[in-house]
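Bear in mind these aren't lab numbers, they're just calculated from the coordinates by the rules spelled out. Being a predicted model, the structure only gives us computed values, none of them experimental. No Cβ is skipped: glycine too gets one built from the backbone with ideal geometry, and neighbour counts run over all protein chains shown.
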Amino acid sequence: MGKTICEEKRHLLETYQTATRAYADGVEKLRRQRGTIDKPEYDALYRITDELHAGVTEAREKLNVHVGLHGC
């Protein structure tokens with residue numbers, strides 16, 4: 001019989017998954033735009049992508065803390 005997942009962990013996993021998808025999309029957009037837009041626009045897009053990466057890191061840390069404390 002498998003372990004059931006608690007609702008908080010399910011929510012944190014969904015948040016992490018959403019964050020990783022947004023980051024991957026941001027990286028892809030950044031890659032496609034490289035060399036086709038002005039440097040200030042590229043730099044702005046890079047900052048957005050960097051913020052998305054920070055969101056992934058935060059979501060992963062919250063998930064890890066929950067698992068460590070809750071043991072699920």
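Which of the trypsin sites (Lys or Arg not before Pro) found in the chain are loop residues per DSSP with 15 or fewer other Cβ atoms within 10 Å of their Cβ?
LYS3, ARG34
Note the full-extension length gain between LEU30 and VAL65 as 0.36 nm times their separation in residues minus their Cα-Cα distance, in nm to one decimal.
Gain on extension, LEU30 to VAL65, equals 9.5 nm.
Taking Rh as the Kirkwood radius, which is the inverse of the mean 1/r over Cα pairs, what is the Rg/Rh value for the chain?
Result: Rg/Rh = 1.19.
Over the chain, what is the relative contact order in whole percent, taking alpha-carbon pairs under 8 Å and six or more residues apart?
For the chain, the relative contact order is 51 percent.
Kindly put ASP25, ASP38 in sequence by how many other C-beta atoms sit within 10 Å of each C-beta, fewest to most.
ASP38, ASP25
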